[in-house]
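Below is one structure; the comments refer to it alone.
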């Protein structure tokens, strides 16, 4: 337990720093997003492409915020489950 806490404290645990498999569902979806984005860029002039870049940046920011908040909520839920496991008692049964 101490090792994981130390690793977390010193920033050695970074769940966000992960690679993905290109053949995975995520990899295939990302390849499609990239393909479609490139195709749209070819149809747009430079001014409209810049607007698309701004839209993409704003979307990525909302995704980042959402992922961070969901991570925090999941971490808190996991902690609540552990507290319940460690402190909970049954209304019906008691330990012998």
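Nothing in this text is a laboratory measurement; each read-out follows from the coordinates by a stated rule. It should be emphasised that the depicted structure is a prediction, and the values quoted were computed from it without experimental measurement. Quick reminder, even Gly has a Cβ in these numbers, built from the backbone with ideal geometry, and neighbours come from all protein chains shown.
Data for the structure
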{"quantity": "Residues in region 19-45 reached by a label modelled at residue 67 [backbone nitrogen below 12 Å; 7 Å Cα→Cβ]", "calculated": "19-20"}
{"quantity": "Most mobile listed residue (34, 62, 14) in the chain, GNM with C-alpha springs under 10 Å", "calculated": "14"}
{"quantity": "Most mobile listed residue (69, 12, 32) in the chain, GNM with C-alpha springs under 10 Å", "calculated": "12"}
{"quantity": "Degrees between helix 25-43 axis and first principal axis of the chain (Cα, 0 to 90, nearest 10)", "calculated": "30"}
{"quantity": "Extension gain from residue 25 to residue 83, taking 0.36 nm per residue of separation minus the Cα-Cα distance", "calculated": "17.4 nm"}
{"quantity": "Crossing angle, helix 46-87 versus the chain [Cα axis fit, 0-90 degrees, rounded to tens]", "calculated": "10"}
{"quantity": "For region 20-87, alpha-carbon Rg and Dmax in angstrom", "calculated": "18.8, 62"}
{"quantity": "Helix-only mean residue ellipticity at 222 nm for the chain, each DSSP H run of n ≥ 4 adding -39500 (n - 2.57), per residue, nearest 500", "calculated": "-25000 deg cm²/dmol"}
{"quantity": "Within a Gaussian network of the chain (alpha carbon springs, distance under 10 Å), most fluctuating of 56, 66, 24", "calculated": "24"}
